[in-house]
Amino acid sequence: MSRLTVYGEDAPGVALFDDTEAGPVAAELAKINVGFERWEAPVHLAPDAPAEVILEAYRPYLDALMGKTGAGSADVVKLTPDHPMAGALREKFLQEHTHSEDEIRFFVAGSGHFVIHEGGKVYVALCEAGDLIRVPAGARHWFDAGRAPEFTALRVFTHTEGWVAQFTGDTISDRFPLA
């Protein structure tokens, strides 16, 4: 079940907010301009479905989403524990960074934590299958799918370069619990 836990940036062990209900989670994230929706799984696919099949199955939803956000492309990212780059990718995603465009993800399967650092607080959003999250351009954040990552997500982009991060150099992600 998805969950949002909010901490003070100097108190990683003391939750200021903790909820699993979509409404309160979306309302809390909206305070920092992060979008969150929980969709009833509109498509059911085999776990080993290739990216092309996933994109085609979700095309009507992607077209609507891209029309609302002005995005121009989408792809599928799958990460499993046996992926040869799983450890390196995790280390890269764990560094606090920003993007010049919104980071939009819809979780088709599995889960991961989007962690947003805003206004002296750290928002840890556990996203699972059926969750859509939109982290706005310029928001400081990082992502953790754990030491044995297992997720499939649709990524929606405005720019054709895809995922491009500007790392902040802040080590705050070292002070917060990992997945």
Report summary line: Checked against (1) surrounded by 16 or more Cβ atoms within 10 Å (Cβ to Cβ); (2) at pLDDT below 95; (3) of a type in the set (Lys, Arg), ARG147 satisfies every condition except (1)
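Here is a yes/no grid of residues against (1) at pLDDT below 95; (2) among the hydrophobic types (A, V, I, L, M, F, W, C):
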| position | (1), (2) |
| --- | --- |
| ARG90 | yes, no |
| SER100 | yes, no |
| PHE106 | yes, yes |
| LYS121 | no, no |
| VAL124 | no, yes |
| GLY130 | yes, no |
| ARG140 | no, no |
Report task. Give the residue that is surrounded by the fewest Cβ atoms within 10 Å (Cβ to Cβ), with candidates limited to residues of segment 11-44 that are assigned to a loop (DSSP other than H, G, I, E, B) and modelled with pLDDT under 95. Result -> GLU40
**Report entry** Conditions (1) closer than 18 Å to GLU37 by Cβ; (2) not in a strand (DSSP E or B): number failed by GLY169
**Finding:** (1)
Report summary line: Within segment 116-132, restricting to residues that are aliphatic (A, V, I, L, M) and under 14 Å from SER2 (Cβ atoms), the one that is surrounded by the fewest Cβ atoms within 10 Å (Cβ to Cβ) is ALA129
**Report entry** Selection status of VAL135, crowded, with 17+ Cβ neighbours inside 10 Å, among the aliphatic types (A, V, I, L, M) and in contact (Cβ under 8 Å) with a residue 24 or more places away in the chain
**Finding:** yes
Query raised in the report: So how many residues does segment 138-166 have that are in contact (Cβ under 8 Å) with a residue 12 or more places away in the chain, of a type outside the set (A, V, I, L, M) and in a loop (DSSP other than H, G, I, E, B)?
Result: 10
Query - Near pairs, Cβ below 8 angstrom, 6+ apart or cross-chain, from segment 23-40 (under 13 Å from ARG134 (Cβ atoms)) to any residue that is among the charged types (D, E, K, R) and loosely packed, with under 15 Cβ neighbours inside 10 Å - result: ALA26/GLU37
Requested in this report: Would you mention how many residues in segment 114-146 are under 19 Å from ARG90 (Cα atoms) and among the acidic types (Asp, Glu)?
Outcome: 2
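The values are calculated or read from the model by the stated rules, or taken from the named source; none is laboratory data. Quick caveat: nothing in here was measured; it's all calculated off a predicted structure. Note: ideal-geometry Cβ built from the backbone for every residue, glycine included; neighbour counts use all protein chains shown.
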